[in-house]
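The values are calculated or read from the model by the stated rules, or taken from the named source; none is laboratory data. All values reported here derive from a predicted model rather than from experimental measurement. A quick note on method: Cβ atoms are made from the backbone with ideal geometry, for glycine too, and the neighbour counts reach across all protein chains shown. Each accessible area value is taken on the protein alone, full model and side chains, heavy atoms only, with ligands, DNA and RNA left out. Shrake-Rupley method; radii C 1.70, N 1.55, O 1.52, S 1.80 Å.
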Amino acid sequence: MALTGIAHKGAVVAIISDANDDVASALAASLEARGIQAQVAASAPESATAIVFLGGLRESIDDGQALAICHDAFAAARAFAPYASEHGGAFITVQDTGGDFGLRGSQRAILGGLAGLAKTADLEWPLASVKAIDLERGERPADQLAAAITDELLQGGPEIEVGLRATGRRTTLRSELSDPGAKELPPMSVLVCSGGARGVTAATLIALARKHDAPPKIALLGRTTLEDDPADCVGIEGEANLKRALMLAAKARGEMIKPAEVGSQVRRVIARREIRHTVDALRAAGSEADYFSTDVSDVTSVGRTLQTVRKQWGPIDAIIHGAGVVADKTIAEKTDEQFNRVISPKVDGLHALLAATQGDPITTLILFSSVAARTGNVGQCDYAIANEILNKMAAREQRRRPECLVKSLNWGPWEAGMVTPALKSYFESHGVPLIPLVTGATMLIDELSSTDPSIEIVLGGEPKRASISGESQERSVLVHIDAKTHPHLADHAIDNTVVLPMVQVIEWFTRAAEAMNPSKLVRSCRSVRVLRGVTLERFHAGGDTLLLKCSAPEDDIVRAYLCDPSDPRKRHYSAELVLADALPAAPTGPAATLPEAPGIDRIYGETLFHGPLFQVIREVDTVSNRGIAGALDTTESIGWRGHWRTDPAALDGGLQLALLWAQHCLGGRSLPTGLGSYERFEIEPRGPLQ
């Protein structure tokens, strides 16, 4: 399956990288060899209809350089946004974090943020095709890396996140439900928490102090400077009343004060009051607690503050990093200043905390991430990047500290904190559940006392991609077929013309439906109809392109179509795909039996036209008017190249047996024009089938 915007006629692919990058040059040559115009550029040119950002493959980089690469990718996306929003095209990020998006603990964890950018771009640009590729370099030369990227772009499928290991293994990501289990809360003597003096983080800390048998001493770090309330605000409660008091006091003094300044003063008053309330609540729960005004993104400031904490309470053994801000704007509208303001508290803040506690016996490290990192979110590319970085840095820290409890909690939206009343209404209208404060606090305690070894955890439910973006529409992907991408199809030819087999279409439908509904699996493919057969006239001369379309699911039913890309109304195939949370176990019991009858000695020849890679019938045991039985090869045993969701070779063998049976009963050749249902089970067959 080729990404729309890459394989269409007239596509211009800009490969963003250094001019002396061997992989970029090799990728341009590889795409040109497939008939796709490509050029290497330092930034996104106006002529580009597709962008491939290769910055994440740069070798020998430190965390600061990796963060700069994330900014470069954002700049490329921002430059490409006007075209992508209006016309579509394609946007692809490529990184090397081990081929598994840093889940094993890559030293290049910062580059994990590129996937957050890609997932947000996919939501903001519904007409575009977007992909994040994690390409493990290994020891492979530039031409092999370029070939791996090209193959993924032209035949990899519509999944957004794809890992390509140096071994050739292709992986994609999917969230799975897990049970946290239960054990005792870990001991904590001195806990440092960034961003924990207010809002949701404060609520979790208060619950932790109440639950812990020996509550830790808690140091709260935040940007707000604690001062006494202005005299005009003493004894006044409520935002509206505070604004009124300040306006009246200024008027009495004969001063002119702008509403914006009043609002700013009131926010500071409320923030200071919330901090004092949190400290008082922690102390009431049994913790010694104090607040320290600190720029958490400044390593010097954090270092000085934590030295004060040690003098007051002793070594630090637990960290909760909850600091963060949002500045929601689409990729096209977001400024560098807004981008950096969102990134810094999360990423620089974690760096500062880790640097300032190098000599401390840290046994617990909890990072407050966001579901935006897992799904992307409209207007939050920087927030998604920052939180994806936290996720991957957590995996890296766990690898560095195997005895330490490390968790990166990808929170869904809370009922308080950064969720304003308007945003709350938006989430509710789109079916995204909000986490109550009490529930969220319990979730933190559950994860601290969890027996689940998972590091990156989504809490509060993973929103459906369509729900969080407000989009619920048909998705499309181009399918490019030629002798290099699908060599086995050369053996499915009639009168020297390659004919697209139904089983290949079922495979594409299955892959597309699962990629576009990542929390589901295709349970069955039913009502498959051949509306117009497809002959691949250019199979050996540059390839053919088709358009695959999938509807949004309705009651777990997806409708899929294979169409003419020049006129999508001309449909070649149609089918319904039934989605499920899991596949059922394979049925057991005695196989159907047929009466003894002679088999067929010569299987391939007159009735079956198939070449060697489609000659999957090993033998026909019996054939009669009641049916036919035989032994089949599978896709694996016959040697078809590629990554498969279904077993197309074995399925085609079943259709071939049907043709032989029709020949036996009717005395003439036939071709299948439909398929009632193809069912999938938990364990796909690997050896020969009987």
Worksheet item: For the subset of region 190-219 comprising residues that are touching a Phe, Trp or Tyr at 6+ places or on another chain (Cβ under 6 Å) and not in a strand (DSSP E or B), which member is surrounded by the fewest Cβ atoms within 10 Å (Cβ to Cβ)?
Response: Val200
Fill in: One residue from Ile603, Ile557, Ile506 being among the β-branched types (Val, Ile, Thr), over 19 Å from Leu671 (Cβ atoms) and touching a strand residue (DSSP E or B) at 6+ places or on another chain (Cβ under 8 Å)
Ile557
Item to complete: Give the residues of region 147-189 that are assigned to a strand (DSSP E or B) and open to solvent by 40 Å² or more (accessible area, probe 1.4 Å), sorted by residue number.
Response: Thr172
Practice prompt. Evaluate the following for Thr225: is it touching a helix residue (DSSP H, G or I) at 6+ places or on another chain (Cβ under 9 Å), closer than 30 Å to Asp298 by Cα and surrounded by fewer than 21 Cβ atoms within 10 Å (Cβ to Cβ)?
Written response: yes
Item to complete: Restricting attention to strands (runs of 3 or more DSSP E) lying wholly within region 611-690, give those where 2 or more residues are open to solvent by 50 Å² or more (accessible area, probe 1.4 Å) and of a type outside the set (A, V, I, L, M).
Response: 617-624, 674-679
Worksheet item: Taking region 244-274, which residues are within 20 Å of Gly222 (Cα to Cα) and not small (Gly, Ala, Ser)?
Response: Gln265, Val266, Arg267, Arg268, Val269, Ile270, Arg272, Arg273, Glu274
Worksheet entry | Residues satisfying the stated conditions in region 60-88, i.e. open to solvent by 10 Å² or more (accessible area, probe 1.4 Å) and of a type in the set (Gly, Ala, Ser) | Ser60, Gly64, Ala68, Ala75, Ala79, Ser85
